[in-house]
1. Can you pull out the residues in the range 809-834 that are closer than 30 Å to V761 by Cβ and either out of contact with any strand residue (DSSP E or B) (no Cβ under 7 Å at 6 or more places or on another chain) or part of a loop (DSSP other than H, G, I, E, B) (or both)?
2. Please go through the range 746-780 and pick out each residue that is of a type in the set (V, I, T) and either surrounded by fewer than 17 Cβ atoms within 10 Å (Cβ to Cβ) or not in a loop (DSSP other than H, G, I, E, B) (or both).
3. I'd like the full set of residues that are at negative phi, assigned to a loop (DSSP other than H, G, I, E, B) and open to solvent by 30 Å² or more (accessible area, probe 1.4 Å), limited to the range 672-688.
4. Return a yes/no flag: does the range 730-749 have any residue that is over 34 Å from the mean Cα position of the chain (by Cα) and in contact (Cβ under 8 Å) with a residue 60 or more places away in the chain.
5. Show the residue pairs meeting these rules: Cβ distance below 8 Å; 6+ apart or different chains; first residue within the range 441-468 and farther than 22 Å from G310 by Cβ; second residue in a loop (DSSP other than H, G, I, E, B) and polar (S, T, N, Q).
6. Select, from G141, G74, G98, the only residue that is open to solvent by less than 10 Å² (accessible area, probe 1.4 Å) and either part of a strand (DSSP E or B) or more than 22 Å from T40 (Cβ to Cβ) (or both).
7. For I303, all conditions in the list (1) within 23 Å of V193 (Cβ to Cβ); (2) touching a Ser or Thr at 6+ places or on another chain (Cβ under 8 Å); (3) open to solvent by less than 30 Å² (accessible area, probe 1.4 Å) hold save one; what is the number of the exception?
8. Which of the strands (runs of 3 or more DSSP E) found entirely inside the range 144-262 contain at least 3 residues meeting this: among the polar types (S, T, N, Q), in contact with an Asp or Glu (Cβ under 8 Å, 6 or more places away or on another chain) and surrounded by fewer than 19 Cβ atoms within 10 Å (Cβ to Cβ)?
Amino acid sequence: MRSSLFLSLFVFLLFSVFELRAQDSRAISFDKTWRFKKDTLVGAESPAYNDSGWRTLDLPHDWSIEDLPNQKEGEVQGPFTKASIGKAATGFTEGGIGWYRKKFKLDKAYKGKHIYILFDGVYMDADVWINGHHLGNHPYGYTSFSFELTKYLNPVGKLNLIAVRAKNLGKNSRWYSGSGIYRHVWLLPVNSVHTKLWGNYITTPEVSKDKANISVRTSVDNASSQNKVVNVKVEVIDPSGKIVALQTKSLTINADSSADVTQEVTVTSPKLWGLKTPVLYKVRVTILSGNQSIDQTSTYFGIRSLKFDGYKGLLLNGQVVKLRGGCIHHDLGPLGAASIDRAEERKVELLKKAGYNAIRLSHNPPSPALLDACDRVGMLVLDEAFDMWELPKNPQDYHLYFKDWSQRDLASMVLRDRNHPAVIMWSIGNEIYEAPDSSGYRNAKRLSEEARSLDPTRPVTDAIVFLPPYTKKPWKDYEPHVANLDVDGYNYFLDHSIYFQRDSATLHRFETERAKHPGKLYMATEYFPNAALENWDETEKYPWFLGGFSWTAMDYIGEAGIGKSALVPESQKVPAGMMGMGLFYRNNWPIFNAYCGDLDLIGNPKAASYYKNVVWRNTPVELLVHRPIPKGEKEVIATWGFPDELKSWTWPGQEGKKIQVDVFTRSKTVKLELNGRLIAEQTVPDGSITATFQIEYQQGTLVAKSFDNGKETGSSKLSTTGKPIAIRLTADRRAIQADHNDLSFVSVEVIDGKGNVVPWVDDLNINFQLTGNATIAGVGNGNPADMSSFQQKHKQVYQGKALAIIKPNGIKGTVILKATAKGLKSDDIKIVMR
């Protein structure tokens, strides 16, 4: 079992201080005071264009989450519209064309500098202008990119105009992407001789508890017209700020060219980066001309050994680690895709608390802020590049750009992310249609070799699927493709055959392939929520099976309803596996989120989360109750879904009726007690961890106890709550930075007289009032069908819970959030911004 005390203390210490961190330590935030307008415009790139009627905002910004005008009753709700081109796939949100403009002056400190603009991410098809000059286009919505501004800038003290157009048009995504400049923007001023962007590459080739060898390769640009001789100084700085290693080398760089220098230093008695001890060091690289510093960069990294052994599996600092992983999309619930640093950090915190030790970034490179959070929390990462290659999954998706851009976009991901200790593997694709064809072989070879050339320290994988509509060719046609991979990633290869009626050879492809390639490693890059047990049993059984990634760890906008169970007449016949697919492929209004996550859209655990924690042996027993099914109906569990179960023993109107109770445990015997009386006992079936009971509902306290050989191994308790009488507000952090990248997430709960959450309250509207220098950045709940605004100052609770997100305006002080609702005692909470 986990030590909850240790975890709580660790999380408190780790997140008591919030830090905004740029991709490059030299970069200056360029997020403030942009002008924005969503429209198809002519001439908006010109400095002379009149944007006085535009809105002023700070980045990151996602226009797809903003409320739409209600043009026709029932057709538009909040940010959602039935006219959405992507329909259920993109959560009924609207893309379009958006323009951003920013006027700025440079002071004397910038004179003689080379000035770059760096975008963490723009969705999508971004065009950038400076003072009317077109700098270029960047199609992919998920990779970072930069342009040099220098020769087009006006003299120091004169106004400059940067303009950005983003085009989210057509069917270009299978999920909610967001729209616009949804990640940070930075200004990067450097001297003519400088370390390249992402030019420091830090590896730890030898690591032990006594010492670590640190290798630092620095790529230096000389943008001047003369040859230069410089000294490159490397300092390793420990978490306390002490310099623990130092070395300097001379480097000659020809005019208008670049050169590399590699230096190796030793750190004695290093503090190793690991899942429980995510200790971060820093490398400071200073370029010296004589005794003068002309460039300096600081890069965080972790001292850790990472080895993929064909017979032992994944070794982190010499210890075997099995992947308790989850796939995630990049949106942040009520904030949409806007990558606010604290929201990314909280997301990783929640996943860690839920028992995960790894995430798969499906199916695109993430924000730098998310990777920074994974480094700080101790969360392993499978970093993924593409969802498609040359063959489309949607008419306007990345396949249009793949041939021209894939090498550059893969390089952007690897070069940017390779110093993160959390990143353990590169994925070059997901469920690629042409995987069994010659173009798939060619591109798998090209991309994997490119990734290894940029970072030979991590293995390359991709996610292979062998399900309809992919199975038009036999497995032997896939083998030349997977031969290019260091680790084979398979989607749904161990999951229940009831969904797709596959034979045992397909279900156990891992064993078949391992027999042919005895030194290779395998993992489940995706599996269904209800297949967690069989996947984890294989993980424990085979050293060469690394573990896997559930679809998904957290609810996300788009792919609406693929995990939501449905009630149908008992007489209705539903083909196996088709219900969940049907919910996705039809117009599923008003459901807007996938509802397949272990955590809901605002971070609360759902039934699958409790199930997995028993599967992973994190908890000994969990007790859940199935929502009553009306007479004459039956539940059809969606393909990516889980039975509709809650941690609740409060079911008004069900007194005296039979109700289903499920107990998850790895022990052999389960006993149920109701109000102190033993009412049922069961032996858990072999090959299962679920004991299912049908018992008569009556109010009180229900307790499940698990036993092995007569000895109690654990217990779980549920009690009936009273009537709702009050609102309770609880902040994840009551003291935050007065910075627009920090947030306070305030949980809203409807409680009874004893302080218990009342779970049957689903439609009560909570009104919010905020006083002080902050705004409500978003409100939300876990209801996949509540299409009301994320941005208004009110929201209904779902299962007794909601969320309000407080964002500072940049001024120190105290703000007070007050929540009221009809018939309930109100509550308020103070948030200090320092």
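1. Residues satisfying the conditions are A821, K822, G823, L824, S826.
2. Pass one, the range 746-780, residues of a type in the set (V, I, T): 746, 748, 750-751, 757-758, 761, 766, 771, 775-776, 779.
Scanning the range 746-780 gives V746, V748, V750, I751, V757, I766, T771, T775, I776, V779.
3. Quick first cut of the range 672-688, residues at negative phi only: 672-674, 677-686, 688.
Next, only the ones that are assigned to a loop (DSSP other than H, G, I, E, B) stay: 684-686, 688.
Matches in the range 672-688: P685, D686, S688.
4. So the first thing to find is which residues in the range 730-749 are over 34 Å from the mean Cα position of the chain (by Cα), and the list is none.
No: zero hits.
5. These pairs meet every condition: Y441/N484.
6. On the way: G141 fails: either part of a strand (DSSP E or B) or more than 22 Å from T40 (Cβ to Cβ) (or both); G74 fails: open to solvent by less than 10 Å² (accessible area, probe 1.4 Å).
Testing whether each residue is open to solvent by less than 10 Å² (accessible area, probe 1.4 Å) and either part of a strand (DSSP E or B) or more than 22 Å from T40 (Cβ to Cβ) (or both) leaves just G98.
7. (1)
8. 211-222
The values are calculated or read from the model by the stated rules, or taken from the named source; none is laboratory data. All values derive from a computational prediction rather than experimental measurement. A quick note on method: Cβ atoms are made from the backbone with ideal geometry, for glycine too, and the neighbour counts reach across all protein chains shown. Quick note on the areas: whole protein, heavy atoms, side chains included, nothing else; ligands and nucleic acids left out. Shrake-Rupley method; radii C 1.70, N 1.55, O 1.52, S 1.80 Å.
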